[in-house]
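The structure appears right after this line, and notes come after that.
Just so you know, all these numbers are worked out from the coordinates, no wet-lab data involved. Bear in mind the structure is a predicted one, so any value in this text is a computation, not a measurement. Ideal geometry is used to build each Cβ from the backbone, glycine not excepted, and the neighbour counts take in all protein chains shown.
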Amino acid sequence: MSRDNVISFDQNLSGARRRTADAKVQELVIACRSHVAETLPRLLQELFEHVDDELYQLADKSGSDVLQTRDFEAMRELRKLRDSIEQTFLKNQLSQYESFWLHPQPPPAASDEREPVAVADDELSLVEDEELEENLAVGGMVSKAENRYHRELFALNMRFAQLAGIPDLTTRQNPLGPFNLVEGFRTAMRQWAGDVGVRLVVFKQFDRYVMGYVGGLYDDLNDTLVAAGILPKIVQRVRRNPVAPSVQRARQD
C-alpha cells in the first residue's frame, strides 16, 4: 500500500488491501475534520469579541446620533444572533466538508444564491449598490487569502485530491478553501439584515481574525497528511503561519 513513504490508493487494489486503504482514507478524513471542528469555533470567538469592541468604539467616537444609535443597535442584535451565526457557519462548513468526501469529485464552486427580494423601482438602485459593496469586500477577502496561503493550499489541494481519488482539485473547489469559508460566513450573516456599513465592519473583522489565522489550520491539515505519508515530498514553507491566541490557549489547556 505504501511506496517511498507515499500512500497510494490505487483503484485496482483488491480485497483486504482495498479495505485497508479505504479505512486509512476514512481515518485521515476524520482527523482533518477534527482540526476543522476545533479551530473554526475558536476563530469565530476571536471574531465576535473584536466585532463587539469595534462597534462600541465606533459608536463612542461617532459625532452623529444616528450613526451612534445604528452602531449600538447593531451591537445588541449581533450579540443575540452570535450563537446562531456561529452554529450555522460551523454546521455548513462541516457539512460541505463531509459532502466532498461522500462524493469524491471536485464540487462546483459555491454560488451566491439568494432568494428574490421584492423591492420598489426606486429602491432597486440602493439594493444594487449595497450588493456591489458587499461583493467587493467578499471578493477582496478571498483574493487576499488565496494569495497569502497559495503554497499551503497548493499542497492541501493535491493531498485532498490524492485521498479522494480525483485527478485535480482547485483552491476554489477545496471545501476548506478561502472562497468557501468566506461565502459560508456570508451565508450565515444573512440572518441579520443590518446596515451595509456595519456588515462591512463585520466582514473586515472576519478578514482579520478568521482569514488572518486560517493559515494555521492549513498547516495543521498538511502536517496531519504528511505524517500519514500523503505526498510528503511536496515542499512546504519553512515559516509557519500565526496561530490565533484562542487556539494557543486551548492547546495549552
Simple SL model, points at 7 angstrom along Cα→Cβ for Leu102 and Lys61; separation in nm is 4.7 nm
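Which whole number of Å³ per residue matches the convex hull of the alpha-carbon atoms in the range 123-253?
Values: hull volume 17.9 nm³, N = 131.
Looking at the range 123-253, the number lands at 137 Å³ per residue.
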Along Cα→Cβ, 7 Å out, is where each label goes; now give me the distance between the ones at Ile166 and Ser34 in nm to one decimal.
2.5 nm
How many angstrom lie between the Cα centre of the range 180-248 and the Cα centre of the range 126-167?
10 Å
Given 0.36 nm per residue, what is the gain on full extension from Val196 to Asp129 after removing their alpha carbon distance, in nm?
23.1 nm
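May I ask you to order 182-188, 56-62 by the average number of other C-beta atoms within 10 Å around their residues, highest value first?
Details: 182-188: 21.6, 56-62: 13.6.
Averaged packing, sorted descending, gives the order 182-188, 56-62.
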Between Phe154 and Asp53, with labels modelled 7 Å along Cα→Cβ, what's the label distance in nm to one decimal, could you check?
3.5 nm
